[in-house]
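Peer 1: Take this structure, written in structure tokens, and hold onto it; I'll ask about it next.
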Amino acid sequence: MSSHQNGTNGLDVGTGESSESAPLIVVSNRLPFVLTRDKIGKLRRSHSAGGLVTALGPVVMKCGGLWIGWPGSHDMRPLDEIPEPDTPNSGLKSQQVKAVLVRQELFDSFYNGCCNGTFWPLFHSMPDRAIFSSDTWKAYQEVNEEFALKTIDALRQVHSRLLKEYHNNEDAMPIPVVWIHDYQLMLAAAMIRQVAIEENLTCKLGFFLHIPFPSWDIMRLFPWDDQILEGILACDMVGFHIDDYCTNFIECCQRRLGCRVDHANGNVEYDNRTVHVRPLPIGIPFNHFQQLAFKAPRVMKDERVVLGVDRLDYTKGLVQRIKAFERLLERHPEHLERVVLMQIAVPSRTDVREYKALKEEIDQLVGRINGRFSTADWSPIRYIYGCISQDNLAAFYRDSAVALVTPLRDGMNLVAKEFVACQINETGVLILSPFAGAGGTMREALLVNPYEVDMVSEMIHKALIMDVDERQRRMKLLRSRESSMDVDYWMASFLKEMQLVECAITGPPSSIPVDYGYQSYLTEYIEDSTKLNLLLDYDGTLAPIVSHPDLALMSTETRRVLTHLSQMPSVSVCVMSGRSLDNLRKMVAIDGITYAGSQGLEILHPDGSRFIHPVPTDHQIRLQNLLPALEMEVCTNGAWVENKGALLTYHYRAVSSPERRDSLVQRAVQLFREHGFYPHHTQMAIEARPPVPWDKGRASLYIMRTTYGVDWPQRVGGPERVRILYAGDDDTDEEVMEALSGLACTFRVSRVPVYKSAANYRLTDPEAVQSLLHWIEDKLDQRAVVPSPLVGFTASFLITCIHESENASSDEEQTDLVETTLVSKRRRRNSRNSNFVLSKAAAAGLLRSSNNFKAALCHHSQDSITVIGH
């Protein structure tokens with residue numbers, strides 16, 4: 001079996017080295033070194049010592065891979081050559097590096113504007129600090145495109161090399177892995193995948209986010225969240241630090257894009273692919289830090305040190321931490337002149353106003369506390385604002401009694417892990433915030449909420465007085481875990497997961513179990529006192545989009561569910577469409593519902609009354625002139641015109657050639673305008689509408705008013721609680737979604753990525769809409785009834801009583817309703833269990849629908865149903 005089929009050839013997951021020269025292409029915001037110019041104008045490279053570089057650099061070197069990133073400054077020009085490393089094997093060779101050059105003003109808007117001004121606070125659950133700007137978002141898109149283009153060049157280069165090495169035998173070639181990193185590059189994968197498919201560049205795409213991923217209610221604040229989710233979903237495998245971030249991402253995909261998801265196994269179905277979402281907590285180069293701790297000289301005095309090491313950032317909780325230390329000195333004076341808080345704050349974004357203000361606040365706070373508690377030979381806080389060497393940092397880690405790692409929100413926080421690695425004497429205590437990713441894995445640390453200043457101070461006190469045995473026991477367990485789950489383990493885990501992923505560039509489509517998660521956000525729509533109004537589009541929503549409108553048929557099951565729902569007294573159903581009213585009635589063929597045809601210009605109510613919006617007298621004349629013009633010039637290659645009365649629609653779906661289609665559409669638009677019509681674009685069609693201030697949105701408001709009265713908006717939140725659900729698939733449906741914004745739960749039905757929609761949620765196709773209607777049907781069947789403590793009788797007696805009551809009733813409409821519902825319920829439920837005449841839910845529905853019974857179901861067993869009350 002070829003590697004393209006089984007996906008097993010590639011990087012050795014145990015060692016991180018190449019087993020069959022499968023290249024790893026790493027795409028990150030920064031290159032693994034910084035390029036600057038010396039005094040004579042020559043480029044120099046300065047090595048970066050981060051964990052990502054330490055782990056991935058050797059792998060990229062050995063497998064002949066490539067690294068794409070920004071060089072760290074704007075000194076480099078397009079024709080400059082990247083200098084080689086100072087010594088062999090000390091870094092990536094120049095041919096293994098592709099620098100992304102971006103002009104400075106664009107990069108500033110991308111990095112400082114969108115990445116740090118928007119995504120950083122938003123993803124750290126601080127939306128009040130986020131700035132939403134279309135200009136910085138455009139810069140983000142442009143820079144991501146630049147990174148994608150460089151990656152595509154790298155992918156072409158790799159494929160060309162592999163073809164030579166394997167003598168054009170593509171089946172024997174290993175599959176390259178493209179690994180994209182972090183929040184700066186969340187759109188790049190979508191662009192890479194599109195070109196890879198067009199050029200048949202076989203690869204696997206992976207993404208890892210190094211910061212938290214927010215919950216869906218925070219993520220949806222970003223106006224272009226759809227594009228972010230779809231960009232990440234272009235990857236085959238997506239990694240986050242912890243389960244919580246995976247859950248947040250999957251829920252966003254489900255609720256914002258309408259993706260089918262498998263929560264249990266961490267999978268999302270998107271674009272006929274299964275995207276694997278995995279928790280992969282990152283580690284550190286443990287042995288490297290441990291060796292530094294062994295070698296570092298002692299640099300601190302004899303005081304017991306409580307250590308904090310952070311980048312100066314509002315997410316790190318520095319102000320709360322310093323206040324907690326002040327509270328410790330107030331409450332526990334025994335620590336005066338014996339304990340010191342050493343806070344190292346690494347400068348960050350010094351030109352940003354918020355960071356300047358944070359530095360000033362910390363400076364004033366430290367000055368005030370030191371002025372309050374200092375003595376002649378002791379100050380309680382030693383504050384270092386600047387960078388320190390790794391040797392000194394390792395010494396601080398090793399010799400501190402307590403490490404305070406208390407961010408308000410953090411993706412993982414590697415300081416906690418570095419402290420543990422340097423604790424070679426195993427006598428230190430780690431105090432950790434549960435809002436850091438590390439808080440979920442480093443269980444032996446003392447966890448504390450950083451917002452609770454008093455609690456933090458007490459936890460510091462507890463750590464300082466903890467006996468040596470407990471200190472060592474906790475630290476041994478922490479060190480054991482972190483040494484085994486280091487950065488190399490993290491990298492190998494990611495590559496192992498990538499090996500298990502099928503190549504979706506050339507591989508077959510896949511599917512996963514359906515779980516749309518309606519329970520989490522639709523429960524309020526089926527409460528006992530709720531009146532539910534279902535507004536549904538037809539083509540593309542209830543029925544699939546097909547080559548000719550006459551072939552767009554609802555499934556038998558969708559029709560059955562809609563019929564059943566329409567018979568429930570608390571449910572109103574309306575089907576809206578651009579079709580003519582008569583054609584829509586013919587296609588749906590369900591009695592007792594509202595029909596809105598011709599984009600809402602014609603409305604037929606369940607009682608037979610009609611509404612027809614007046615149109616100008618010359619409208620039909622202009623339509624009569626437009627029709628032959630379209631038929632003469634653009635009705636070729638399968639394109640045709642449909643006359644709907646008040647509307648006229650030009651259909652071009654059947655035109656197979658994209659070039660021919662574009663030319664026909666362009667000419668059709670001209671003809672529409674020449675005849676005085678604005679060309680309204682719908683799904684593969686153009687409509688001519690009358691020039692009246694009326695659309696599907698206004699029609700939906702009219703339908704709600706005639707169904708529930710003029711005060712229906714107040715009743716949306718009132719005791720009767722009118723609830724509205726709308727589902728539609730094209731731009732005409734956006735009119736309804738905008739009109740009902742804040743009043744309804746709306747769904748956009750589309751498999752094609754739609755970046756801007758007023759809908760609350762997404763559904764993929766009419767099959768997904770059928771799933772939604774099924775869920776509503778089942779939940780309404782199960783609606784609870786208020787119990788009444790009267791005598792009990794069996795379900796068979798209940799049915800007898802209903803029939804007797806029907807014979808005596810003078811209300812014919814009520815009788816018809818009960819009889820119809822009874823037959824429908826009996827048929828459905830008997831097919832499930834022949835021992836039941838009616839289920840508990842079915843009997844409850846009958847009792848609610850009949851004025852002659854006020855009763856409640858309180859218990860049912862496998863053999864019978866017991867009913868209380870008559």
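Peer 1: List pairs: first residue in the stretch 432-443 and in a loop (DSSP other than H, G, I, E, B), second residue of a type in the set (Asp, Glu) anywhere in the structure, Cβ distance under 8 angstrom, at least six positions apart or on different chains.
Peer 2: That search, which allows pairs on different chains as well, returns 433/410; 435/410; 442/482.
Peer 1: Would you confirm whether any residue within the stretch 676-685 is out of contact with any Asp or Glu (no Cβ under 6 Å at 6 or more places or on another chain), of a type in the set (A, V, I, L, M, F, W, C), under 25 Å from residue 748 (Cα atoms) and modelled with pLDDT under 90?
Peer 2: yes
Peer 1: Out of (1) within 30 Å of residue 435 (Cβ to Cβ); (2) more than 27 Å from the chain's Cα centre (by Cα), what's the single condition that is false for residue 112?
Peer 2: (2)
Peer 1: Scan the stretch 610-641 residue by residue and report those that are among the aromatic types (Phe, Trp, Tyr) and either without any contact (Cβ under 8 Å) to a residue 40 or more places away in the chain or surrounded by 20 or more Cβ atoms within 10 Å (Cβ to Cβ) (or both).
Peer 2: Correct list: 640 only.
Peer 1: Take the stretch 398-420 and flag every residue that is within 16 Å of residue 281 (Cβ to Cβ), part of a strand (DSSP E or B) and over 28 Å from the mean Cα position of the chain (by Cα).
Peer 2: 405
Peer 1: Moving on. Being hydrophobic (A, V, I, L, M, F, W, C) and modelled with pLDDT of 85 or more is the filter here, so list the residues in the stretch 9-39 that pass it.
Peer 2: 24, 25, 26, 27, 31, listed by residue number.
Every residue, every condition in (1) farther than 16 Å from residue 706 by Cα; (2) without any contact (Cβ under 8 Å) to a residue 60 or more places away in the chain; (3) open to solvent by 10 Å² or more (accessible area, probe 1.4 Å), yes or no:
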residue: 569; (1), (2), (3): yes, no, yes
residue: 581; (1), (2), (3): yes, yes, no
residue: 585; (1), (2), (3): yes, yes, yes
residue: 588; (1), (2), (3): yes, yes, no
residue: 605; (1), (2), (3): no, no, yes
residue: 608; (1), (2), (3): no, yes, yes
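Peer 1: Return the total of residues in the stretch 672-701 being among the aromatic types (Phe, Trp, Tyr), over 18 Å from residue 643 (Cβ atoms) and in a helix (DSSP H, G or I).
Peer 2: Of the residues in the stretch 672-701, 0 are among the aromatic types (Phe, Trp, Tyr), over 18 Å from residue 643 (Cβ atoms) and in a helix (DSSP H, G or I).
Peer 1: Something else now. Can you tell me which of (1) open to solvent by 10 Å² or more (accessible area, probe 1.4 Å); (2) more than 18 Å from residue 725 (Cβ to Cβ); (3) among the hydroxyl-bearing types (Ser, Thr, Tyr) is the one residue 521 doesn't meet?
Peer 2: Every condition holds for residue 521 apart from (2).
Peer 1: Among the residues of the stretch 552-567, write down those that are open to solvent by less than 30 Å² (accessible area, probe 1.4 Å) and in contact with a Gly (Cβ under 9 Å, 6 or more places away or on another chain).
Peer 2: 552, 566
Peer 1: For a quick check of your reading of the model, give me the residue pairs whose first member lies in the stretch 642-655 and is within 13 Å of residue 584 (Cβ to Cβ) and charged (D, E, K, R), whose second is assigned to a loop (DSSP other than H, G, I, E, B) and at pLDDT 85 or above, with beta-carbon atoms closer than 8 Å and at least 6 apart or on different chains.
Peer 2: Close Cβ pairs satisfying both conditions: 644/578; 644/579; 644/580.
Peer 1: Just wondering, is there one or more residues in the stretch 539-560 that are at negative phi, at pLDDT below 80 and β-branched (Val, Ile, Thr)?
Peer 2: No: the stretch 539-560 contains no residue that is at negative phi, at pLDDT below 80 and β-branched (Val, Ile, Thr).
Peer 1: Let me ask something additional. All but one of (1) surrounded by fewer than 21 Cβ atoms within 10 Å (Cβ to Cβ); (2) in contact with a Ser or Thr (Cβ under 8 Å, 6 or more places away or on another chain); (3) not in a helix (DSSP H, G or I) hold for residue 726; which doesn't?
Peer 2: (1)
Peer 1: Okay, moving on. Being open to solvent by 10 Å² or more (accessible area, probe 1.4 Å) and either under 17 Å from residue 59 (Cα atoms) or in a strand (DSSP E or B) (or both) is the filter here, so list the residues in the stretch 162-212 that pass it.
Peer 2: Within the stretch 162-212, just 177 meets the criteria.
Peer 1: Scan the stretch 122-146 residue by residue and report those that are more than 18 Å from residue 231 (Cβ to Cβ), in contact (Cβ under 8 Å) with a residue 40 or more places away in the chain and open to solvent by less than 60 Å² (accessible area, probe 1.4 Å).
Peer 2: 124, 125, 126, 127, 130 - these are the residues of the stretch 122-146 that are more than 18 Å from residue 231 (Cβ to Cβ), in contact (Cβ under 8 Å) with a residue 40 or more places away in the chain and open to solvent by less than 60 Å² (accessible area, probe 1.4 Å).
Peer 1: Another one. Please verify whether the stretch 67-79 includes one or more residues that are without any contact (Cβ under 8 Å) to a residue 60 or more places away in the chain, open to solvent by 20 Å² or more (accessible area, probe 1.4 Å), among the charged types (D, E, K, R) and in a loop (DSSP other than H, G, I, E, B).
Peer 2: Yes.
Peer 1: Let me ask something else about it. Might you let me know whether the stretch 318-339 holds any residue that is modelled with pLDDT under 95, farther than 25 Å from residue 461 by Cβ and open to solvent by 40 Å² or more (accessible area, probe 1.4 Å)?
Peer 2: no
The values are calculated or read from the model by the stated rules, or taken from the named source; none is laboratory data. Computed from a prediction, not measured in an experiment: that's the story for all the values here. Glycine also receives a Cβ, built like all others from the backbone with ideal geometry; neighbour counts cover every protein chain displayed. When the accessible area is computed, the model is the full protein with side chains, heavy atoms only, and any ligands, DNA or RNA have been set aside. Shrake-Rupley method; radii C 1.70, N 1.55, O 1.52, S 1.80 Å.
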